[in-house]
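The values are calculated or read from the model by the stated rules, or taken from the named source; none is laboratory data. The structure displayed is predicted, hence computed values, not measured ones. Glycine also receives a Cβ, built like all others from the backbone with ideal geometry; neighbour counts cover every protein chain displayed.
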Amino acid sequence: MKTKLHLLAIFYRSFGFYLWAIPMIAWFALRRPTGRDLYVLIPALILFKCFLQGITIYVLRRRYAHLFFFYANANLSGRQLFTSAFITDFVLFALSMAAIQLSAD
């Protein structure tokens, strides 16, 4: 179990920074809204994150499909990898938005 969690972390780290950094850059570009303005913006950021996740899945499956053999040897399917990355990404996103809201008050 510990090995699988470590492999899932390695998989997410290979692209997770970009999935987190790009929406944060967009948030900064929108002049860092907080409070009620952030509540209005969150649905758009979630849709943007889903779009980025879709692009990431497409690129990884098309361009780097040969890398999945490494994870397949540890009995991790592509579905498990992407599901865990998607959940991890949204948890980190929710925590960062909560931290922004709490720091604004």
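Screening the candidates Ser96, Ser84 for the property of being of a type in the set (S, T, N, Q), assigned to a helix (DSSP H, G or I) and in contact with a helix residue (DSSP H, G or I) (Cβ under 6 Å, 6 or more places away or on another chain) yields one hit, Ser84.
Which pairs do you get when a residue that is closer than 23 Å to Arg63 by Cβ, found in region 15-42, comes within reach of a residue that is surrounded by fewer than 12 Cβ atoms within 10 Å (Cβ to Cβ), reach meaning Cβ atoms under 6 angstrom, with the pair 6+ apart or on two chains? Listed pairs, sorted by first residue: none to list.
Out of region 45-81, which residues are among the polar types (S, T, N, Q), over 21 Å from Trp27 (Cβ atoms) and assigned to a helix (DSSP H, G or I)?
Our first condition is that a residue be among the polar types (S, T, N, Q); within region 45-81, this holds for 53, 56, 73, 75, 77, 80.
The next check asks that each one be over 21 Å from Trp27 (Cβ atoms); those that pass are 73, 75, 77, 80.
Selection gives Gln80 alone.
Only one of the listed residues (Phe48, Phe11) is more than 15 Å from Met97 (Cβ to Cβ), surrounded by 11 or more Cβ atoms within 10 Å (Cβ to Cβ) and either at pLDDT 90 or above or not hydrophobic (A, V, I, L, M, F, W, C) (or both). That residue is Phe11.
Could you list, in sequence order, the residues of region 58-82 that are over 14 Å from Phe15 (Cα atoms) and loosely packed, with under 14 Cβ neighbours inside 10 Å? Those that are over 14 Å from Phe15 (Cα atoms) and loosely packed, with under 14 Cβ neighbours inside 10 Å: Arg62, Ala65, His66, Phe69, Phe70, Ala72, Asn73, Ala74, Asn75, Ser77, Arg79.
Filter region 14-30 for residues that are surrounded by fewer than 11 Cβ atoms within 10 Å (Cβ to Cβ) and touching an Asp or Glu at 6+ places or on another chain (Cβ under 9 Å) and give the result. Correct list: empty.
Among the residues of region 28-45, not one is of a type in the set (Phe, Trp, Tyr) and modelled with pLDDT under 85.
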